[in-house]
Amino acid sequence: MKKIIKILLFSSFLFFAYYLLKLDFSQLNNFSFNGFYLSISYLFLVVGFLLSAISWKVALYTHKIKVSTNRAIVSHGLPIFSKYIPGRIWTILSRAALIKKENNNIKLLSFISLKEQLIYLCLGFFISIYPVYKTEQLKAYCLVIALVSFLGFVFLFSIKAQKIIEYLFEKILKKKIQIPKISFSEFFRLAWIILCYWSAWSIGFYFLLKSVLGFTSIYFALAFPLSVSFGLIAIIFPGGIGVRESIISLFLIANGTTPEKAVAIAILTRIWFIIGEITIFLISVLIRKKQD
């Protein structure tokens, strides 16, 4: 298992480096930044990443698996670039493998990781209803987002719906899957901390926009959960590449931003989030070295 994890981590660096090389940094040449707002933005970005690691710790604790905050940060932060490897499964498996102890089953840990990700996704779509509703040109899609959010919650809680999906999957793809069951108590234990890091990232995104655009409506902040949620379900695009940028660009254009500036801000948002990923990775490395 240790050898597989090392290969996975090395592969994630390669895919991440490849993605960085493809980014068009020249789009940022025409921006002037407000340093104060940019600093606040970065602070909330990092807080969001730390809270996402705490969420992983809480998810484990609900299954009576107790780990320290430092260990949760390390297992969450070290494989952070695995999302750039095609297929969401690596993001779920990698942190589960890094938290594994002799008495813990990797399948159970992976299920816990997947549960937390499913709740994160459903809450992200739920939050996204408001900015779509507030944007006149996108208002027609509000019902679609609301329906996706509703179906997500049905999927989370309805055992009957889960059994139907498992049955269809087996019939069509000739493979058995087991969807993790989530109780209401488990959901509410995790929902508050997930909402906290969604809020931190949204506030950070708001101040990022404010640093380049000046005046920005507060509901623009919620365009970030909207873009990330769509990026999460687009599993063929590693890290939601292209999807997140398209959603942010579309949202900003619909709210009066010029197409050129909207595209540049979308790329800036990706770079901003990557800086957060690098930060949580470095924090994880430092903690790991102290533990060793």
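The values are calculated or read from the model by the stated rules, or taken from the named source; none is laboratory data. Since this is a predicted model, take the numbers as computed values, not measurements. Please note: Cβ atoms are built from the backbone with ideal geometry, for glycine as well, and neighbour counts cover all protein chains shown. These accessible areas exclude ligands, DNA and RNA; they are computed on the full protein's heavy atoms, side chains included. Shrake-Rupley method; radii C 1.70, N 1.55, O 1.52, S 1.80 Å.
What FRET efficiency would be calculated for the residue pair Tyr167, Lys66, taking the C-beta separation as r and a Förster radius of 41 Å, to the nearest 0.05? About 0.70, to the nearest 0.05. Simple spin-label estimate for Ile159 and Phe184 gives 1.5 nm between the two label positions (7 Å along the Cα-to-Cβ direction from each Cα). Accessible area per residue for the stretch 241-292 is 45 Å², calculated with a 1.4 Å probe on protein heavy atoms, without ligands, DNA or RNA. Solvent exposure of the stretch 30-78, expressed per residue, is 47 Å² of accessible area, with all protein chains present and a 1.4 angstrom probe. Over the stretch 105-149, accessible surface divided per residue gives 48 Å², non-protein components excluded, 1.4 Å probe.
In this label model, Ala146 and Val285 are separated by 4.7 nm, measuring between points 7 Å along each Cα→Cβ vector.
Roughly to the nearest percent, how much of the accessible area of the stretch 167-228 is carbon and sulfur, given a 1.4 Å probe?
Taking all protein chains in place, the stretch 167-228 shows 69 percent carbon and sulfur surface.
With the simple spin-label model, which puts each label point 7 Å out from Cα in the Cβ direction, the Leu108 to Leu14 separation comes to 3.4 nm.
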